[in-house]
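**Student:** Here you go, one structure.
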Amino acid sequence: MPIQQGQCTVFKKNCLSGLENFASGTSYVYKIALYTASANLSYETLAYTTDGEISGTGYTVGGNTLTPIVPATSGQVAYISFQNTTWNPASFTARGALIYNSTTGSAVAVLDFGADKTATSTFTVTFPTADAANAIIRFA
């Protein structure tokens, strides 16, 4: 199965069970790990895995820690996004990513970059604008 972008079902269940918290000062830590095209990631992904995770200069297994932007609402939509994250130096190729709660190990969302992305100096994941129409995680 190729990488399929979307929110993970386990994340949705965890939100309804009170097992996720993006608020400032929370004890939960969210991370983003990068993966090769051979990784099997989709909405069915339950937890962080090293299967298919990339390796290369500047990359540490488990990926980067993310900084959440304060959760907000607009109309009937609640949303959250993250500050951009960068690997520098970077010399590797990635096809997608997994955002996950490193405190619990649970998967949050899968990102498909659409094609292999190769870095030779710096690699940045740029998150969409934190608003009701574009944020990486939205509940409508």
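The values are calculated or read from the model by the stated rules, or taken from the named source; none is laboratory data. What you see is a predicted model; the values in this text were computed from it and never measured. Please note: Cβ atoms are built from the backbone with ideal geometry, for glycine as well, and neighbour counts cover all protein chains shown. Please note that ligands, DNA and RNA were not included when accessible areas were found on the heavy atoms of the full protein model with its side chains. Shrake-Rupley method; radii C 1.70, N 1.55, O 1.52, S 1.80 Å.
**Student:** Check whether at least one residue in the stretch 107-121 is assigned to a loop (DSSP other than H, G, I, E, B), closer than 15 Å to Leu41 by Cβ and touching a residue at least 12 places away in the same chain (Cβ under 8 Å), and report yes or no. Spell out the reasoning first.
**Tutor:** Taking the stretch 107-121 and keeping what is assigned to a loop (DSSP other than H, G, I, E, B), we get 120-121.
Retained after the next criterion (residues that are closer than 15 Å to Leu41 by Cβ): none.
Looking through the stretch 107-121, none of the residues is assigned to a loop (DSSP other than H, G, I, E, B), closer than 15 Å to Leu41 by Cβ and touching a residue at least 12 places away in the same chain (Cβ under 8 Å).
**Student:** Report the residue count in the stretch 64-83 for those that are outside any strand (DSSP E or B) and closer than 23 Å to Asn14 by Cα.
**Tutor:** We begin by selecting, within the stretch 64-83, every residue outside any strand (DSSP E or B); these are 66-67, 75-76, 83.
Then keep just the ones that are closer than 23 Å to Asn14 by Cα; that gives 66-67, 76, 83.
Residues flagged as outside any strand (DSSP E or B) and closer than 23 Å to Asn14 by Cα within the stretch 64-83 amount to 4.
**Student:** Of the residues that sit in the stretch 11-30 and are over 14 Å from Thr103 (Cβ atoms) and not small (Gly, Ala, Ser), which one is least open to solvent (accessible area, probe 1.4 Å)?
**Tutor:** Per the stated criteria, the residue is Cys15.
**Student:** When the residues of the stretch 66-91 are filtered to those that are out of contact with any Gly (no Cβ under 7 Å at 6 or more places or on another chain) and among the aromatic types (Phe, Trp, Tyr), which remaining residue is least open to solvent (accessible area, probe 1.4 Å)? Explain how you work it out, then say what you get.
**Tutor:** Let us first name the residues in the stretch 66-91 that are out of contact with any Gly (no Cβ under 7 Å at 6 or more places or on another chain), namely 66-86.
Subset that is among the aromatic types (Phe, Trp, Tyr): 79, 82.
On the way: Tyr79: 34, Phe82: 5 Å².
By that ranking, first place goes to Phe82.
**Student:** Of everything in the stretch 122-139, what is open to solvent by less than 50 Å² (accessible area, probe 1.4 Å), under 16 Å from Gly63 (Cα atoms) and either among the basic types (Lys, Arg) or not in a strand (DSSP E or B) (or both)? Give them in sequence order.
**Tutor:** Within the stretch 122-139, Phe127 is the sole residue that qualifies.
**Student:** Continuing with this model, one more query. Please tell me if Thr86 is within 23 Å of Thr118 (Cβ to Cβ), in a strand (DSSP E or B), without any contact (Cβ under 8 Å) to a residue 60 or more places away in the chain and of a type in the set (S, T, N, Q).
**Tutor:** In short, yes.
**Student:** Might you let me know whether the stretch 40-60 holds any residue that is open to solvent by 60 Å² or more (accessible area, probe 1.4 Å), in a strand (DSSP E or B) and in contact (Cβ under 8 Å) with a residue 24 or more places away in the chain?
**Tutor:** Yes, there is a match, as at least one residue in the stretch 40-60 is open to solvent by 60 Å² or more (accessible area, probe 1.4 Å), in a strand (DSSP E or B) and in contact (Cβ under 8 Å) with a residue 24 or more places away in the chain.
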